[in-house]
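Remarks on the structure that follows.
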Amino acid sequence: MPNPPPAWSRLIRDVADFPSPGIVFRDIAPLLADPAAFAAMLQALAAPWCGQGIRAVAGIESRGFILGAALARELDAGFVPLRKPGKLPGAVLEEAYALEYGQDRLQVQADALPAGTRVLLVDDVLATGGTLAAAARVLHRQGAQLAGAAVLAELAAFEGRERWPADVPLQSLLLL
Ligand code: AMP
């Protein structure tokens, strides 16, 4: 995390015991609602990836859609949604990942991108890393070339980076 932290980081609100007891939810809604803060955060998110030949940004449902679509425009790239089951029409590829209780799945449309397209993966928060790793796997199976991943905040306590392939760049703007 940069020292001092960027001004926009003050607009991420910690909400205790949401969505369940013991969870501290990092709420980015106040940051998104502030035009100057949203713009400054987006520029910081895009900066490491400018000039890297990114052709598409893949965003994880649902806050990854908000960041990903805006980031795609910053990078002059397209956008691809990675969705929960049952939302995408046509042929899809799917990867399962573990949650604290049970499991969830992420899907991408099989024809979302031409093979070899250079893609940047985006989400708001990296916690245990299971979601981001599943997203990387499904993009790989789709045929995309994964340039890296960008997250707004990395929650250090969960060591999610350990589940990310060491040879693929992972940029986080804040270490919380
Ligand atoms: P994980 O798979 O454990 O890395 O969880 C990451 C996914 O869950 C991301 O899509 C986040 O939006 C969401 N998430 C996990 N923990 C939090 C948290 N404390 N605050 C906000 N979102 C979270």
- Has the stretch 100-120 got any residue that is within 16 Å of the ligand (Cβ to nearest atom), of a type in the set (D, E, K, R), farther than 16 Å from residue 170 by Cβ and touching a strand residue (DSSP E or B) at 6+ places or on another chain (Cβ under 7 Å)? yes
- Does residue 97 satisfy being outside any loop (DSSP other than H, G, I, E, B), hydroxyl-bearing (Ser, Thr, Tyr) and within 16 Å of the ligand (Cβ to nearest atom)? yes
- Item | Residues satisfying the stated conditions in the stretch 79-94, i.e. in a strand (DSSP E or B) and either within 12 Å of the ligand (Cβ to nearest atom) or touching an Asp or Glu at 6+ places or on another chain (Cβ under 6 Å) (or both) | 82, 83
- Would you check if residue 48 is within 16 Å of the ligand (Cβ to nearest atom), surrounded by fewer than 18 Cβ atoms within 10 Å (Cβ to Cβ) and part of a helix (DSSP H, G or I)? no
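Yes/no matrix, rows are residues, columns are (1) outside any loop (DSSP other than H, G, I, E, B); (2) among the small types (Gly, Ala, Ser); (3) free of Cβ contacts under 8 Å to residues at least 60 places away in the same chain; (4) buried (at least 16 other Cβ atoms within 10 Å of the Cβ):
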{"site": "113", "(1), (2), (3), (4)": "no, no, yes, yes"}
{"site": "121", "(1), (2), (3), (4)": "yes, no, no, yes"}
{"site": "136", "(1), (2), (3), (4)": "yes, yes, yes, yes"}
{"site": "149", "(1), (2), (3), (4)": "yes, yes, yes, yes"}
{"site": "153", "(1), (2), (3), (4)": "yes, yes, no, yes"}
- Scanning the stretch 155-165 residue by residue, those in a helix (DSSP H, G or I) and surrounded by fewer than 20 Cβ atoms within 10 Å (Cβ to Cβ) turn out to be 156, 157, 158, 161, 162, 163
- Query: If you check every pair at least six apart or on different chains, which have Cβ atoms under 8 Å apart with a residue in the stretch 69-94 that is among the basic types (Lys, Arg) first and a residue that is assigned to a loop (DSSP other than H, G, I, E, B) second?
  - Reply: 83/61; 84/61; 87/61
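Each value in this text was obtained by applying a stated rule to the coordinates, not by laboratory testing. No experiment lies behind these values; they were computed from the predicted model shown. So basically every Cβ, Gly included, is an ideal-geometry build from the backbone, and we count neighbours across all protein chains shown.
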